[in-house]
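Worksheet: the structure to be examined is printed underneath.
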Amino acid sequence: MNQENLIRKIIHVDMDAFYASVEQLDNPELRNKPIAVGGGGDRGVVAAASYEARKFGVRSAMSGVVAKRNCPHLIFVKPRFDRYKEISAQIRTIFFEYTDLVEPLSLDEAYLDVTQNKKNAFSASVLATEIRERILESTGLNASAGISINKFVAKIASDHNKPNGQKTVPPEEVLSFLESLEIRKFHGVGKVTAKRMYHLGIFTGADLKDKTEAFLTEHFGKSGRYYFNAIRGIHNSPVVPTRSPKSIGAERTFHENLTSEVYLSDKIKTIAEELDKRIQRYQLSGKTITLKIKYSDFVQQTRSKTLLFFISDKSMIVEHAIQLLYQEKLQNSVRLLGITISNLNTSDKKNPELPKEKIEVQLSLPF
């Protein structure tokens, strides 16, 4: 393993049964029951399954017919991708509180490079725990995490203690961890490749490590070199931010439900402080201000206004957000407020360039 690998601290965050968990969150009648998100007809396919359904062998990409056969009392739920995207955006907002080096893989998982981070924390494990707690507090959903020296190991580690757990593989344990794994646990080794490896006597990471690069290249072509490096913990691919923001927002869930617009106005000022930091970070401005209100009964409402000019000034954001608050009477007590600025001036903007600094980390520091 080279020095570049050793000094990175990578977190892979993976939401637990994301689509199914969102449905159970929004509909209490579905909680603790086997559900499948997707079609249950003759041509339907399972997009996601709850952990209760997985106990019966129901898996994503399985036909609805087979899923129902495995679990006769399975409940099928139609997917609501707008809702999943909404919660995914909340989760990514949390990620960016810790680092700008966030690489989303899908709506429910992402890599975070926290070698240097906004909390000035040494321990990536502590940060992962805090991030998972923040996600639970903000969304009501559980996440699992893997922490290690590169993306490859971190992703494998995130599956290790699912659901609602995390696994840290520090530098000195990477090789032993990889050697102990069944070969099917390696990302990039599917069913077909696994069968080929079984025929070659490769059943575990240790078996894979015993093979030379020439042997692996002979049998697996260009992928052979990948397998040769992967089992040795060599994976130099950096976390690449691919986020081109369409909006920037901040929100807060309150410990107690609030009913007074006066108190909520004060909360808007606090939320605007955090939003201002993010706006300044990306050096953007926008024309549309949106106030999100989530009531104590979990009914959500948004109120928006679009201006004739771009704004980024905190005081103006507060002014317009408060106007939206008083726009109409509250329907119930409020548990969450959020402010988003969108319709951004991104046409001539690129993703903000991250500081090019030499990273030096003592390996004796907590991982």
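Throughout, read-outs are computed from the coordinates displayed, never taken from laboratory work. Not measured: the values here are computed from a predicted model. Glycine also receives a Cβ, built like all others from the backbone with ideal geometry; neighbour counts cover every protein chain displayed.
Rounded, prolate or oblate: which fits region 209-315, taking a ≥ b ≥ c as square roots of the Cα gyration tensor eigenvalues, rounded meaning a/c under 1.5, else prolate when a/b beats b/c? The partial results should precede the final answer.
Working: a/c = 3.98, a/b = 2.64, b/c = 1.51.
Taking the square roots of the gyration eigenvalues as a ≥ b ≥ c, region 209-315 is prolate.
Is the shape of region 56-112 rounded, prolate or oblate, going by the alpha carbon gyration tensor and its root eigenvalues a ≥ b ≥ c, with a/c under 1.5 for rounded and a/b larger than b/c for prolate? Don't jump to the answer; show the numbers that get you there.
Working: a/c = 3.98, a/b = 2.59, b/c = 1.54.
Judged from the Cα gyration tensor, region 56-112 comes out prolate (a/c at least 1.5, a/b above b/c).
Across the chain, where is the longest run that never hits GluC sites (Glu not before Pro) in a DSSP loop with at most 11 other C-beta atoms within 10 Å? Show your work: numbers first, answer last.
Values: sites that count: Glu328, Glu353, Glu357, Glu360.
Looking at the chain, 1-327 is the longest stretch - no exposed GluC sites (Glu not before Pro) with at most 11 other Cβ atoms within 10 Å.
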Query raised in the report: DSSP loop trypsin sites (Lys or Arg not before Pro) in region 21-68 with at most 10 other Cβ atoms within 10 Å of their Cβ, which ones?
Result: Arg43
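Report relative contact order for the chain in percent, whole number only (criteria: Cα-Cα under 8 Å, sequence separation at least 6). Mind showing how you got there, number by number?
Details: 672 pairs, mean separation 58.8, N = 367.
About 16 percent, as a whole number.
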Report task. Could you tell me which trypsin sites (Lys or Arg not before Pro) in region 245-334 are loop residues by DSSP with no more than 15 other beta carbons within 10 angstrom of their beta carbon? Result -> Lys246, Lys329
Query raised in the report: Amide H of Asp100: which non-local residues (sequence gap of 5 or more, or other chain) have their own amide H closer than 5 Å, using H built in the peptide plane?
Result: none
Query - Qualifying lysines (Cα of each under 23 Å from Cα of Lys292; at least 8 residues distant if same chain) - result: Lys85, Lys246, Lys267, Lys269, Lys277, Lys305, Lys314, Lys329
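Which percentage, to the nearest 5, of the DSSP beta bridges contained in the chain is antiparallel? Don't skip to the answer; put the middle values down first.
Details: 45 of 51 bridges.
Restricted to the chain, the bridges split so that about 90 percent are antiparallel.
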**Report entry** Nitroxide proxy distance, nm - points 7 Å out along Cα→Cβ at Lys269 and Leu25
**Finding:** 3.1 nm
Query raised in the report: Mind listing the Cα extents of region 83-179 along all three principal axes, in Å, largest one first?
Result: 40, 28, 21
Query raised in the report: Pick the calculated Cα extents along the principal axes in Å for this structure from (1) 70, 57, 36; (2) 62, 53, 41; (3) 70, 49, 40?
Result: (1)
Report summary line: Counting sequence-distant residues (5 or more places) and residues on other chains, those with an amide H built under 5 Å from that of Ala110 are Val13, Leu105
Query raised in the report: Which of the trypsin sites (Lys or Arg not before Pro) across region 78-144 are loop residues per DSSP, with 15 or fewer other Cβ within 10 Å?
Result: Arg80, Lys118, Lys119
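Taking R0 as 51 Å, what's the FRET efficiency between Gln301 and His199 from their Cβ-Cβ distance, rounded to 0.05? Write out the running numbers ahead of the final one.
Details: r = 59 Å, r/R0 = 1.16.
The calculated FRET efficiency here is 0.30.
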**Report entry** Sequence-distant lysines (8 or more away, or on other chains) whose Cα lies within less than 17 Å of Lys78
**Finding:** Lys33, Lys68
